[in-house]
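In what follows, a structure is listed as structure tokens, so that the remarks can point back to it.
The values are calculated or read from the model by the stated rules, or taken from the named source; none is laboratory data. None of these values were measured; they are calculated from a predicted model. Cβ: placed from backbone, ideal geometry, glycine included. Neighbour counts: every protein chain shown. Protein only, heavy atoms only, side chains kept; ligands, DNA and RNA dropped before computing areas. Shrake-Rupley method; radii C 1.70, N 1.55, O 1.52, S 1.80 Å.
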Amino acid sequence: AEAEGLFLELLKQYGAFERTLRLQKGDLGGAIAAYITANWGSMNNVDVPDAHFLAATNQMRAILSANPGFQSLNNAQRQEIYETLVITGMFMAASHMAFTKAADAAQSKKLRAAGRANLEQWFPGASAKLRIDANGLSFAS
């Protein structure tokens, strides 16, 4: 029950973030960008500016719209993916902010490793080359 309460709070906080940035509620491109940018920010111990997040969101939307596999998902499947990515992304972002504010080096080190591990699942062997800037996501050569 405690975990469920935390998950609901993270979804609520992300909903406020969506409204602030004028994203459509339930925007899966935004959820993917939130997951990636939060993990990247945690891995690199940096805050990702909203403009960079929005550029990544636009990239993810374009990828999703061109992906037949995504197009075949039903609403329940899309919602499950959305919630999983948002909860994980928001947890990483909130942890990063808390550990930075508390200057907790040991926890920050663990969080950096967790961010790297999460990104390695998406970008095997390439998480260290991932860059996020005003143009969105790219990989260093």
Per-region count, the stretch 37-55, residues touching a Gly at 6+ places or on another chain (Cβ under 8 Å) and of a type in the set (A, V, I, L, M) = 4
Which members of the stretch 44-62 meet the condition of being of a type in the set (A, V, I, L, M) and modelled with pLDDT of 95 or more?
-> Val48, Ala51, Leu54, Ala55, Ala56, Met60, Ala62
If Glu80 satisfies every condition in (1) among the acidic types (Asp, Glu); (2) part of a helix (DSSP H, G or I); (3) surrounded by 13 or more Cβ atoms within 10 Å (Cβ to Cβ) but one, which is the exception?
-> (3)
Selection from the stretch 118-132 of residues that are among the hydrophobic types (A, V, I, L, M, F, W, C), in a helix (DSSP H, G or I) and open to solvent by less than 50 Å² (accessible area, probe 1.4 Å) | Leu119
Those helices (runs of 4 or more DSSP H) completely within the stretch 5-72 that have 2 or more residues that are among the aliphatic types (A, V, I, L, M) and either in contact (Cβ under 8 Å) with a residue 60 or more places away in the chain or surrounded by fewer than 13 Cβ atoms within 10 Å (Cβ to Cβ) (or both) are 28-44, 50-65
